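Enquirer: Have a look at the structure that comes next, please.
The values are calculated or read from the model by the stated rules, or taken from the named source; none is laboratory data. What you are looking at is a predicted structure, and each value in this text was computed from that prediction instead of being measured. With ideal geometry, Cβ positions are generated from the backbone for all residues, glycine too; neighbour counts draw on all protein chains shown.
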């Protein structure tokens, strides 16, 4: 039974983290950066768990339930929860992001005005190859350059020189506001699922999901139909909540006296593209292993 429960939790983690990590990779957030963020969230969620359970919250107890070193917990909880994220060391940054940061911050690769200089790819101490050697952590400079060109952070100037087009690795049509909005919607959905997994059936909030095989040509019509029905449903929810607001009725969801409560609903369409990732090519250094010599 315990192994089945753990397998279900692993499945939950994979389904939640995979789309999140796709977003993070697209915008240049490394596994090391995510690990630091997770440590911070684990520490604060663990503290909240102990306090809600009425248990004494100590660093030793937190270390036991979170698996985070006690000395690290002290530093994590001492920092403001809403601070701008800073990795614990430069080695946790995405390697291409580290190269971009060096280009913008290191005087050896800047103009006299302090701007990122146009760099020769190969020649000289202030070349892109030298920049990558200094900041990429050992990754081949052509690999870094190809990644930066792919996301549009670097542009070619002639044949043998490059310039920094922007400091961010972000690609696509996303904006800062869209990312904040995505965080709010995803957080609300996970909070609802957390609520439903920790309360009795009659206290659970409605969560409905339907996913069926479909013809790709139906996507535009599906998008329009769901969009119209979502707008209509949210208008009804808004009218209900506006009517209830004047009554100042207390909720039965278990909030403490004096706590603020917000209710709402979200509608999102689902489009699953269940394609297996292409296999990675075999490293050349391993291609000949295991073969007998004639």
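So that you can scan it fast, the table gives a plain yes or no per residue for (1) outside the structural domain of residue 20 (by TED's automatic domain parsing); (2) farther than 29 Å from residue 51 by Cα; (3) at pLDDT 80 or above; (4) surrounded by 10 or more Cβ atoms within 10 Å (Cβ to Cβ):
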residue	(1), (2), (3), (4)
175	yes, yes, no, yes
227	yes, yes, yes, yes
240	yes, yes, yes, yes
243	yes, yes, yes, no
247	yes, yes, no, no
263	yes, no, yes, yes
279	yes, yes, no, no
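Enquirer: Would you point out which residue out of 146, 186, 182, 214 is in a loop (DSSP other than H, G, I, E, B) and outside the structural domain of residue 23 (by TED's automatic domain parsing)?
Expert: Values: 146 fails: in a loop (DSSP other than H, G, I, E, B); 186 fails: in a loop (DSSP other than H, G, I, E, B); 182 fails: in a loop (DSSP other than H, G, I, E, B).
The conditions single out 214.
Enquirer: Answer with yes or no whether residue 130 is assigned to a loop (DSSP other than H, G, I, E, B), at pLDDT 90 or above and more than 21 Å from residue 25 (Cβ to Cβ). Before you say what the answer is, go through the steps one by one.
Expert: Details: assigned to a loop (DSSP other than H, G, I, E, B): no; at pLDDT 90 or above: yes; more than 21 Å from residue 25 (Cβ to Cβ): yes.
Spelling it out, it is not the case that residue 130 is assigned to a loop (DSSP other than H, G, I, E, B), at pLDDT 90 or above and more than 21 Å from residue 25 (Cβ to Cβ).
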